[in-house]
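Participant: I'd like to ask some things about the structure below.
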Amino acid sequence: QDLSGLAGLRLADAPDRRLRALAERIHGWMLWPTGTAGYKKAEVMSGGVDTDELDQRSLESRRCPGLHVVGEAVDVTGWLGGYNFQWAWASGVACGRALESSVT
C-alpha cells in the first residue's frame, strides 16, 4: 500500500486509509536476528533459586534453614532498564530487615 504523504503530517490530519495501511505494515513487520554478542554481553540470564523455595518475607531457603538468597541468585527476571537492579536492592533490604528483626 502507498504510504507516501505521511511524512511530516500530524496523525490527526492523516487519512484513515493511510493510517490503516501503516498499521498493517507495522503489524506484519518481521525481524530476523542474525546473531548475538554472546554471554559476555548478555543482559539477562535465566535460572537461579526458584522463588517457591524461599520464604517470601525473609528470602530464607525452605530446604536449607539459615540460608538466605537474594538478588540475581534468585530466578527473577525483569525488563532491561534497572528492574533487575531494583530487585537485587529490594530483596537485599527485605532479607536484611527480616534478619535484623529475628536477632533483636
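Since every read-out is calculated from the coordinates, none of them should be taken as a lab result. All of these numbers come straight from a predicted model, not from anything done at the bench. Counting neighbours? That spans all protein chains shown, and the Cβs are built from the backbone with ideal geometry, glycine included.
Participant: Lys/Arg Cβ at +1, Asp/Glu Cβ at -1, dipole of the chain taken about the Cα centre: which of Thr77, Trp32, Leu22 is farthest positive-ward?
Facilitator: Farthest along the dipole direction, towards plus: Leu22.
Participant: Okay, next question. Work out how much length Trp29 to Leu67 would gain on full extension: take 0.36 nm times their residue separation and subtract the Cα-Cα distance, in nm to one decimal.
Facilitator: Additional length available on full extension: 8.9 nm.
Participant: Two decimals, Cα atoms only, Kirkwood Rh: what is Rg/Rh over the chain?
Facilitator: Numbers: Rg = 23.9 Å, Rh = 18.2 Å.
In the chain, Rg relative to Rh is 1.31.
Participant: While we're on this one: Express the relative contact order of the chain as a whole percentage, based on alpha carbon pairs under 8 Å and six or more residues apart in sequence. Working shown, then result.
Facilitator: Values: 81 pairs, mean separation 20.9, N = 104.
Rounded, it is 20 percent for the chain.
Participant: Using only Cα atoms, find the angle between the long axis of helix 83-103 and the longest principal axis of the chain, and express it within 0 to 90 degrees, rounded to the nearest 10.
Facilitator: 20
Participant: In addition: With n ≥ 4 as the cut-off for DSSP H runs, can you work out [θ] at 222 nm for the chain, using -39500 (n - 2.57) per run divided by the number of residues, rounded to the nearest 500? Mind dumping the intermediate values first?
Facilitator: Details: 2 runs with 33 residues, N = 104.
The helix-only estimate for the chain comes to -10500 deg cm²/dmol at 222 nm.
Participant: Rounded to the nearest 10 degrees, what's the angle between the helix 16-27 long axis and the longest principal axis of the chain, both from Cα atoms, 0 to 90?
Facilitator: For 16-27 against the chain, the angle is about 40 degrees.
Participant: Follow-up question, since we're still on this one. Taking the Cβ of Ser61 as the center, what net charge do the other residues with Cβ under 9 Å away carry, scoring Lys and Arg +1 and Asp and Glu -1?
Facilitator: -1
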